[in-house]
Amino acid sequence: MGKQPAAVIGVGQTHYKAKREDLSIAGLCREAADRALADAGVGFDDIDAVVVGKAPDLFEGVMMPELYLAEALGAVGKPLLRVHTAGSVGGSTAIVAASLVQAGVHRRVLAVTFEKQSESNAMWALSVPVPFVMPVHAGAGGYFAPHVRSYIRRSGAPEHVGAMVAAKDRRNAARNPYAHLRQPDTTVESVMASQMLWDPIRYDETCPSSDGACAIVIGDEQAAALVDSPAWIQATAMRTEPTTAAERDQVNPQAGREAAAALWRQAGITDPLREIDCAEIYVPFSWFEPMWIENLGFAPEGEGWKLTESGQTEIGGTLPINMSGGVLSSNPIGASGMIRFAEAALQVRGRAGEHQVDGARRALGHAYGGGSQFFSMWVVGSEKPAA
Amino acid sequence: MRDVAVVGFAQRQMDAFDGSPTMVELLVPVFGELWEQTGWTKADIGFFCSGSSDYLAGRSFSFVSAIDAIGTLPPVNESHVEMDPAWALYEAWVKIQTGEVDTALVYGFGKSSAGQLRRVLSLQLDPYLTAPLWPDTVSLAALQARTGLDAGLWDEKELAAVVARNRATGAGNPHAVVSGEVDVADLLAEPMFADPLRRHDCAPVTDGVAAVVLAAGDRARDASERPAWITGIEHRVDAQSLGLRDLTRSPSTALAAERLDLDGVDTAELHAPFSHQELILRTELGLGDDVAVNPSGGALCGNPMFAAGLIRVGEAAAQISSGRSAKAVAHATSGPALQQNLLCTLEGGR
């Protein structure tokens, strides 16, 4: 039968906030799911299967919460899958849902991801001591700071590039009604003046802790024909490597490079910088923008920061990045990857509102997780992929 | 749909594993067995997919350490479900159906002994209304068993007979952690554990790992002389809230079965961690007395969480590949009181 075309036909997001005390975990997921279904013009009866994704269960203290969520997400009597691939899970969840349609198994699949960080203690959950495993007592920032330092040393990037990313993303977030941190007055100077947390990462260069959920409906060709401007899934890729191995390069991981190469190949893209109109990239700490620009092949190694410094990653630049404000402005961890994938879809559907990139026809959604070792990414476009 | 077969299967089961909760020490030799069975290496695998639970390991990201078992670089195409690996097998089957890959290695691991399993599993319940009361899984299963007893659907003797039969067949399975001939009368003389369940009505707390290799078409024939072809695979979930369910039934199993052709099934591997659950499953699947149920001894002889469902598929496939079965059905369950269920039919020669 071969791979079937699949498209994002509905997107739903909650407003991302530090605390959504008005909603339970189920209520949070339902808010996003209802919006995605409404956007797709379908109801729960039209959904064939549900895929749930979130980061570690220890965050909220609910083991396999999809079992409890089955009723709230209309999954009773249907297939229900639960994906967990660390920080990349939001992206992986979208890819698993897409594969159910591409395999010809289902017509419409609902994918829902969430994190309710206000009911969770991520620092604790990430700091349980494990024999024979390197402790991460300082949370994610403590883990990644040495990689950032190494990037700056290797590339010779000027110190303010990270601050530029943070200021851009916070300004972009001010155009996105769903974003958690909406701070249009953020400047390079104000970021540089914020407290140093994990040298060289300053407070304003880190992601917030958010409550939130994101949902998408993926449909087959027939389902896509019923909606305006579906976002066609032109390529997907996932790659993994282990956390610790002497031959790993955690600054520019091989898994990310190979995932990107596979992605561009599948999408028929030879010059990503020219052929991709905008990108939503997983940047939880500002410096990961230039680092991933290189890892994804948008710029040669050591030169990604130049794209950022020249302003080309602003909306209106050659390669706008994180038009929604990115992970730096909203971070419900389990959903953060899917938000990237969903925002890429909104761009090529022309539905990104005030943060729309003019004429976006092809966009990248990207997520990573673990110790920079899990990568998931997709390319969506306004054109149906060639058979 | 592409023809996809199980071409390799390996497992370990034990009372208590004296090693890391990620069980890499067991996964490495199990993968080694798969390479021997198939003649393949890591480079032949298009997709890796695992199933496990952070809560069993008592830490976040236990699957992250487990991928060490795959080896270092080059990176692999890989995914993970926070579920029994039978659902990872489903994801891998779907991946092969997209045409992106032709082969997959599916694995799962669980160190149930690391905590108090029945209490750990109560964290699967509604976190606001039910979990704070800490109803444990054995007690919930006992409620389910009581419901059936009161409805006259089974009696204690039938439950004991299920245990005796599984333990007897399990005697032929080197991986079983409990097995052997037992008298129904002796079983009934045992004290109650969670009334009306006796300890032997409940699967033993078991540690273990399992791994399966899947392959499509000629790749399957290349790896195995007798591939066990997956002729159907379906899964469904029920509502969790016990007040919304008829606990004597398993609607999700029935719904999954509706989509499969179970005619001619001669062997069934059922993932029933409690004796009465086997009776529920047999009814929903319409299995007659002529069907060999649990040649492995089933979950009552060993139930490594986050491996046991995949082991059912592997054991059913082994029956096909050995020629002992012409058509088998494998079943996996997850969640309290059979909330979520997966079925997979397997056949030989094509």
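Assorted remarks:
- Taking every DSSP bridge with both residues inside the protein assembly as shown, close to 75 percent are antiparallel.
- Compared with the rule-of-thumb size 2.2 N^0.38 Å for a compact globular protein, the protein assembly as shown has a Cα radius of gyration ratio of 0.93.
- Shape parameters for chain A, alpha-carbon atoms, Rg then Dmax in Å: 19.2, 58
- A:LEU58 sits among other residues whose Cβ lies under 9 Å from its own Cβ, and their net charge, with Lys and Arg +1 and Asp and Glu -1, is -2.
- Neighbour-limited loop hits for GluC sites (Glu not before Pro), segment A:148-208 (at most 14 other Cβ within 10 Å; DSSP other than H, G, I, E, B): A:GLU159
- About its Cα centre, the dipole of segment B:170-285 is roughly 340 debye, where the only charges are +1 on Lys and Arg Cβ and -1 on Asp and Glu Cβ.
- Cleavage-rule hits, trypsin sites (Lys or Arg not before Pro), segment A:1-106, DSSP coil, Cβ neighbours within 10 Å at most 13: A:LYS19
- Kirkwood-type hydrodynamic radius, segment A:249-387: 14.7 Å, calculated from all non-identical alpha-carbon pairs.
- Residue-count net charge about A:GLY162 - beta-carbon cut-off 12 Å; Lys, Arg +1, Asp, Glu -1: -4
- By DSSP, the beta bridges lying fully in chain B are antiparallel in about 70 percent of cases.
- Of every Cα-Cα pair in segment A:81-198, the percent that sits beyond 19 Å: 69 percent
- Debye equation applied to the C-alpha atoms of segment B:193-350, log10 I(q)/I(0) at 0.10, 0.15, 0.16 Å⁻¹: -0.35, -0.77, -0.88
- Rounded tilt (10° steps) of B:275-285 against the dominant C-alpha axis of chain B: 60 degrees
- Helix axis angle, B:137-150 relative to chain B longest principal axis, alpha carbon, degrees: 60 degrees
- Dipole of segment A:156-236, positive end: most advanced residue of A:LEU197, A:GLY219, A:ALA235 [Cβ charges, Cα centre]: A:LEU197
- For chain A: relative contact order, % (alpha-carbon pairs under 8 angstrom, 6 or more apart): 26 percent
- GNM remark for chain A: springs join alpha carbons under 10 Å apart, and the peak mean-square fluctuation among A:THR313, A:THR244, A:THR236 falls on A:THR244.
- In order through segment B:32-39: 3J(HN,Hα) via Karplus (6.51 cos²θ - 1.76 cosθ + 1.60), integer Hz, x for Gly, Pro: x, 5, 5, 5, 5, 5, 9, x
- Distance from segment A:27-93 to segment B:194-247 (C-alpha centre basis), Å: 22 Å
- Helix-only mean residue ellipticity at 222 nm for chain A, each DSSP H run of n ≥ 4 adding -39500 (n - 2.57), per residue, nearest 500: -9500 deg cm²/dmol
- In segment B:95-135, the convex hull through the Cα atoms has an average projected area of 5.1 nm², a quarter of its surface area.
- Karplus-derived 3J(HN,Hα), 6.51/-1.76/1.60, for each residue of segment B:295-303, Hz, glycine and proline x: x, 7, x, x, 5, 5, 9, x, 9
- Relative contact order of chain B, pairs being alpha-carbon contacts under 8 Å that are 6 or more residues apart, as %: 26 percent
- Loop trypsin sites (Lys or Arg not before Pro), segment B:186-269 (other Cβ atoms within 10 Å of the site Cβ: 15 or fewer; DSSP): B:ARG259
- For A:ARG202, the residues 5 or more places off, or on other chains, whose built amide H falls under 5 Å of its own are A:LEU197.
- Within chain B, helix-based [θ] at 222 nm, where runs of 4 or more DSSP H residues each add -39,500 (n - 2.57), nearest 500: -9500 deg cm²/dmol
- Pairs of Cα atoms nearer than 8 Å and 6+ residues apart set the relative contact order; for segment A:102-248 it is 33 percent.
- Reciprocal of mean inverse Cα separation for segment A:18-108 (Kirkwood radius, Å): 14.0 Å
- Exposure proxy ranking, count of Cβ atoms within 10 Å, fewest first, for A:TYR203, A:TYR151: A:TYR203, A:TYR151
Each reported figure results from applying straightforward, stated rules to the coordinates on display, with no laboratory input. Source: prediction; values computed, not measured. All Cβ positions, even for glycine, are placed from backbone atoms using ideal geometry, and neighbour counts span all protein chains on display.
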